[in-house]
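To keep things clear, I will list the structure first and then write my remarks on it.
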């Protein structure tokens, strides 16, 4: 296998550069990037469903079919997603604003009064989702103050509706 040298520019030097951007500055800048809204769900070791609202989601590969999402290491459920060996990424429609907010709230009983079922992966799937991607855990990578979870998609279910999105810290809707 051929090794390719990293791209170099005239501004690169032998000395390491330190970040000069504060976390809040990056958060504000990334608010200008329109992102989809998902609820990532998993089954805990004791069989209890858990989920949270996530907008750090992206496709990675078509062959094999891989997706990724990231979770703040301060989240006390990081180990739940590690031990679950899989997860479901539920891409949410604009019509599900109350469910999106419910799964974003701290200490909420998120699955109470929520319509869901156990998918083929034995992970929770939300009935309201625009699309659900059931995944087997493929890999986990360190990402600064986040864990990056990569999943191999093993089943897909499509629903109907317009997608929900975040833009500049606000939940928005877009027509089909």
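Descriptive notes on the structure:
- Per-residue extension of 0.36 nm, minus the Cα-Cα distance of residue 98 and residue 59, leaves a gain of 11.5 nm for this segment.
- Highest mean packing first, where packing is the average number of other Cβ atoms within 10 Å per residue, the peptides 43-53, 83-93, 146-156 line up as 83-93, 146-156, 43-53.
- Reference-scaled alpha-carbon Rg (2.2 N^0.38 Å with N residues) for region 23-169: 0.98
- Taking the number of Cβ atoms within 10 Å of each Cβ as an exposure proxy, the fewest-first ranking of 118, 138, 69 is 118, 138, 69.
- Based on C-alpha pairs under 8 angstrom that are at least 6 apart in sequence, region 23-169 has a relative contact order of 31 percent.
Each value in this text was obtained by applying a stated rule to the coordinates, not by laboratory testing. As the structure is a prediction and not an experimental result, all values here were calculated from the model. For neighbour counting, all protein chains shown are included, and Cβ atoms are generated from backbone atoms with ideal geometry for every residue, glycine included.
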